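A quick write-up on the structure given underneath.
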Amino acid sequence: MNENYKIPILTYHSIDNSDSVISIDTTSFKDQMRFLKDYLFNVISLNEVVMHIRKKQPFAEKSIAITFDDGFKNIFSDAFPVLKEYGFNATVFLTTNYCERLNNWPGQPDSIKAQPLLSWAEIKEMSQTGMQFGAHTMNHPYLTRIPLKDAENEILSSKKIIEDQLQEEVKFFAYPYGDFNTDIVNVVNQSFGGACSTELAIADSKSNPFILERVDIFYIKYGMIFKRLFTPYVSCYLKSRRLLRDLRRFF
Ligand SMILES: [Zn+2]
């Protein structure tokens, strides 16, 4: 065990060729999964990630976790077969009121084209093959911009809807747009085992299980960066990207 090994939690959205900020093309996705397989990476579930954090146990080297936000239908057609072939598990965060519909919730930028989301039948099939499902609210709002009661309903109802469909406990949540505050985290903390943020960093055994840092594939999809994700170089690279992003938000 390397005490200092950090765990990259990857965030994917859509597997398509539109080259949008939330897309990665099928070939690159396959290449990335093959890289993880060839170099014997250990794909672990969010459950295992949180278990390590709670027990303050260091992560085994080459551990990594895979997540998908929003629940695009192309996860079923383009990602699931590859994950199944390699025996990798992943967590898909669902926006429950939009399952079987398009991702055209209010607040979706115009640059993101409308695309179909997973059906419950597809979700059930993937669940039976070991994929995990998490809640991502019902309507994908900015949770801090609506009354706390409404935010609570968005969070807890989306959990219940998935649990009713799959007949199993939903343990993880992802904040839409990475938008949260202390009240929101408290609500999530009372009903879930952990939650993913969009904080751009590599998680480690000291991470807060309710604000897990992730690496959005947008920042590493080109060139060799994905393959260098597991080197110290990438922590510096992500830090500089994060600074740039924070500066842009600030201005
Ligand atoms: Zn989302």
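Throughout, read-outs are computed from the coordinates displayed, never taken from laboratory work. Source: prediction; values computed, not measured. Glycine also receives a Cβ, built like all others from the backbone with ideal geometry; neighbour counts cover every protein chain displayed.
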Magnitude of the charge dipole, the chain, Cβ model with Lys/Arg +1 and Asp/Glu -1, debye to 20:
760 debye
Say the cut-off is 23 Å between C-alpha atoms; which of LYS84/LYS113; LYS62/LYS221; LYS149/LYS171; LYS171/LYS239; LYS113/LYS171; LYS62/LYS84 go over it?
LYS84/LYS113; LYS171/LYS239; LYS113/LYS171
Straight-line reach only, C-alpha to C-alpha below 19 angstrom: list the aspartates and glutamates that LYS124 could link to, leaving out same-chain residues fewer than 8 apart.
ASP69, ASP70, ASP78, GLU85, GLU100, GLU163, ASP164, GLU168, GLU169
Would you kindly work out the equivalent ellipsoid of the chain from its C-alpha gyration tensor and give its semi-axes, the square roots of five times the eigenvalues, largest first in whole Å?
25, 21, 20
What FRET efficiency comes out for SER28 versus ASN97 if R0 is 35 angstrom and r is the Cβ-Cβ distance? Round to the nearest 0.05.
0.70
Please sort by residue number the trypsin sites (Lys or Arg not before Pro) in the stretch 1-99 whose DSSP state is loop and whose Cβ has at most 12 other Cβ atoms within 10 Å.
LYS55, LYS56
Hey, which lysines would be in cross-link range of LYS206, C-alpha to C-alpha under 16 Å, not counting anything within fewer than 8 residues on its own chain?
LYS6, LYS55, LYS56
Only bridges whose two residues both fall in the chain count here: according to DSSP, what percent of them are antiparallel, nearest 5?
10 percent
Based on the Cβ-Cβ distance of GLN167 and ASN208, what FRET efficiency does E = 1/(1 + (r/R0)^6) give at R0 = 35 Å, to the nearest 0.05?
0.70
Taking R0 as 22 Å and r as the Cβ-Cβ distance between LEU40 and LYS227, the FRET efficiency 1/(1 + (r/R0)^6), rounded to the nearest 0.05, comes to 0.95
Residue separation times 0.36 nm, minus the C-alpha to C-alpha distance between GLU85 and GLN57: what's the value?
7.1 nm
Where does the longest stretch of the chain lie that holds no GluC sites (Glu not before Pro) found in a DSSP loop with 15 or fewer other Cβ atoms within 10 Å?
170-251
